[in-house]
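K.L.:
Before I ask anything, here is the structure I am working with.
Every read-out reported here was derived from the displayed coordinates using simple, explicitly stated rules and does not represent laboratory data. Given the structure is predicted, the values throughout are model-derived calculations rather than measurements. Quick reminder, even Gly has a Cβ in these numbers, built from the backbone with ideal geometry, and neighbours come from all protein chains shown.
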Amino acid sequence: MAEGAERQPLKAGTLTVDMSPMSPDQESSETLLQATVRHYEEAGLWRILRQYTTTSEQMLKLDFVITALHDHASSIRGDKVKVEVALRWFRVAREMLHVDGLPFNVVHALGSHLGKIEKMNPLPEEDVIKNLLQAVDNLQQSTVPGTGDSVRTLCEGLLENAPEEAAKKFEAHKAAVESLCMSGFASLTTEYGKYPACKWFIAVLQRAAFRGRYSFKCLRQAWLSGVDMLDSMGPLAWVMLVKKLDTLIVEESLTVADCQAASFPAAEHLREALLTFFWDATRLRSVMQDHVRRAEATHAQVTTGIITIGVPLLQVVFQALAQRFGLDGISSALVGESDE
């Protein structure tokens, strides 16, 4: 940011967080959630009182987020392999997709934490993931030279209950399928390899196709199913690739070993990022709770002050009115009751 320039308000969820100026080092290191925490920590009493109702409502929704994150944070510590760690992010994204009413957008806040992982960047946007899945689908629909059949059709011969004729046909043209797929995977890597998550996804499929015990069964899938979900996933769009891999594992079209063998240096950092997000959310909840307590204490003090000042003031007013209009008896009675 240029020296002397004003920092623009940060759009976060349904509210606008009016960010105060930060040093260059602070600006480059803060995530969206950490910036929100700082915004609340720097709030003055007037803002705390003014936002009391909103903060109370947001705390209830933040409690849901923290509870869900606690379960995932506890589980991710025990996740041993890359695909399990990455799949944890898919589950978190799915649960947080429609959470609103907080001072930050949960999906974008999670993406902000991922943005701090150098080995995870750049993060692919929704269109990149859609195009990649479309490209994989195009590959499996490609016609194998000399056959008139697509890769997907020939791979039907790999199924356990496949007719003997289909199995023999695949074996007869296996070399042509391999050549076509090797070229296809190379093109995918060239186009999408700059995105670490995409590069890992392609490497897993390539390994499953050429070295996994299920061979080319991974190229007979409905790759475009569920892509509508991508439209609202923003920086977490890449988790859809993880879900596709998980589906292939369940269908025994590739193995966990295929996912583990493919290089994905960001996997361990994904674990740390989710744990950090959980602790930052807990910290924000603590700050918001402190705001609510301060607002309630101030309200109680003001109410007590009004009562303390109000009763003697009313006595003076009634006494003055009684003397003015000759109601000494009433005045004495009121004063007497008060003394009692």
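K.L.:
What full-extension length gain, to one decimal in nm, is calculated for Thr67 and Ser187 as 0.36 nm per residue of separation minus the Cα-Cα distance?
P.N.:
38.9 nm
K.L.:
Report the gain in length on full extension from Thr282 to Ser75: 0.36 nm times residue separation, minus Cα-Cα distance, nm rounded to one decimal.
P.N.:
Once the chain is fully extended between Thr282 and Ser75, it gains 72.8 nm.
K.L.:
If you plug each phi of the stretch 169-184 into the Karplus form 6.51 cos²θ - 1.76 cosθ + 1.60 with θ = phi - 60°, what whole-Hz ³J(HN,Hα) values come out, in order, with x for Gly and Pro?
P.N.:
Karplus-based 3J(HN,Hα) across the stretch 169-184 equals 5, 5, 4, 5, 10, 4, 4, 5, 5, 4, 4, 5, 6, 4, 5, x Hz.
K.L.:
Let me ask something else. Students often forget the sequence filter, so: which lysines lie under 16 Å Cα-Cα from Lys217 once same-chain residues fewer than 8 apart are removed?
P.N.:
List returned: Lys168, Lys169, Lys174, Lys244.
K.L.:
Roughly what would the spin-label model give for Trp46 and Lys119, points 7 Å off Cα along C-beta, in nm?
P.N.:
Here the modelled spin labels are 4.9 nm apart.
K.L.:
By how many nm would the segment from Leu159 to Ser263 lengthen if fully extended, with 0.36 nm per residue of separation less the alpha-carbon distance?
P.N.:
Gain on extension, Leu159 to Ser263, equals 34.6 nm.
K.L.:
Shifting gears a bit: Can you give the FRET efficiency to the nearest 0.05 for Gln141 and Arg293, using r as the Cβ-Cβ distance and R₀ = 56 Å?
P.N.:
Between Gln141 and Arg293 the formula returns 0.35.
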